[in-house]
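Enquirer: Before anything else, here's the structure in question.
The values are calculated or read from the model by the stated rules, or taken from the named source; none is laboratory data. Computed from a predicted model, the values in this text were never measured in an experiment. Don't worry about glycine lacking a Cβ; one is built from the backbone with ideal geometry, like all the others, and counts go over all protein chains shown.
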Amino acid sequence: MPNLNKVLLIGNLTRDPDLRQTPNGHTVCRIGLAINRTYTDNKGERQQDTTFVDAEAWGHAGETIHRYVNKGDPLFIEGRLRLDRWKDNDGANRSKLLIVVEGFQFLGSRPAPGAAPAKSNATEMAANAH
């Protein structure tokens, strides 16, 4: 039976992007996204539910995200789920799902002429998605 692991999300960054180098020399940018869902409950009142997810973008894609977006900025990401596993300081096994970014699009406005680089409507596909 075929499998599909594809995620499409639009949200706002919960923190500034964190760009790092792995011990193997690869560049990775870690981001957090808040995805809001608005709905009407049984009483007819509007409610909002927020889901927080972590994501990572590798290589040029990660460098581009780090350069052009900041906490609070909207971002569209396309990617796949990956289970991250590690041992905590007490030796207990820990895990969490995260999104490996395979493509993204900036949703903010372009900077004014002469302003420092900020947001862009450019689309980027991650060439070396891990």
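Enquirer: Can you give me the ranges of the strands (runs of 3 or more DSSP E) entirely in segment 54-130 with at least 1 residues that are at pLDDT 95 or above?
Expert: So the answer is 74-87, 93-106.
Enquirer: Now, a different point. Take the conditions of a type outside the set (Ser, Thr, Tyr), under 19 Å from Ser109 (Cα atoms) and in contact with a Leu (Cβ under 7 Å, 6 or more places away or on another chain) and apply them to Leu75. Does it pass?
Expert: Yes, satisfied.
Enquirer: Please list, ordered by first then second residue, the pairs with beta carbon atoms under 8 Å, 6 or more apart or interchain, first in segment 65-78 and of a type in the set (S, T, N, Q), second outside any strand (DSSP E or B).
Expert: Close Cβ pairs (under 8 Å, with a partner that is outside any strand (DSSP E or B)) amount to Asn70/Asp16; Asn70/Pro17.
Enquirer: Against the definition (closer than 19 Å to Phe106 by Cα, touching a helix residue (DSSP H, G or I) at 6+ places or on another chain (Cβ under 8 Å) and either of a type outside the set (Gly, Ala, Ser) or not in a strand (DSSP E or B) (or both)), how does Ile35 come out, yes or no?
Expert: On the way: closer than 19 Å to Phe106 by Cα: yes; touching a helix residue (DSSP H, G or I) at 6+ places or on another chain (Cβ under 8 Å): no; either of a type outside the set (Gly, Ala, Ser) or not in a strand (DSSP E or B) (or both): yes.
When the stated conditions are applied, Ile35 does not pass them.
Enquirer: Checking the condition surrounded by 10 or more Cβ atoms within 10 Å (Cβ to Cβ), in contact with a Ser or Thr (Cβ under 9 Å, 6 or more places away or on another chain) and aliphatic (A, V, I, L, M), which residue from Ile65, Ile35, Ile77, Ile10 passes?
Expert: Working: Ile65 fails: in contact with a Ser or Thr (Cβ under 9 Å, 6 or more places away or on another chain); Ile77 fails: in contact with a Ser or Thr (Cβ under 9 Å, 6 or more places away or on another chain); Ile10 fails: in contact with a Ser or Thr (Cβ under 9 Å, 6 or more places away or on another chain).
Within the list Ile65, Ile35, Ile77, Ile10, the selection yields Ile35.
Enquirer: Which residue pairs have Cβ atoms closer than 6 Å, lie 6 or more positions apart in sequence or on different chains, and pair a first residue in segment 1-25 that is in a loop (DSSP other than H, G, I, E, B) with a second residue that is loosely packed, with under 13 Cβ neighbours inside 10 Å?
Expert: What qualifies is Asn5/Leu81; Arg15/Lys71; Asp16/Lys71.
Enquirer: Restricting attention to segment 13-32, which residues are of a type outside the set (D, E, K, R) and surrounded by fewer than 13 Cβ atoms within 10 Å (Cβ to Cβ)?
Expert: Here is the first cut: in segment 13-32, the ones of a type outside the set (D, E, K, R) are 13-14, 17, 19, 21-29, 31-32.
If the condition is that a residue be of a type outside the set (D, E, K, R) and surrounded by fewer than 13 Cβ atoms within 10 Å (Cβ to Cβ), then Gln21, Thr22, Pro23, Asn24, Gly25 are the ones that fit.
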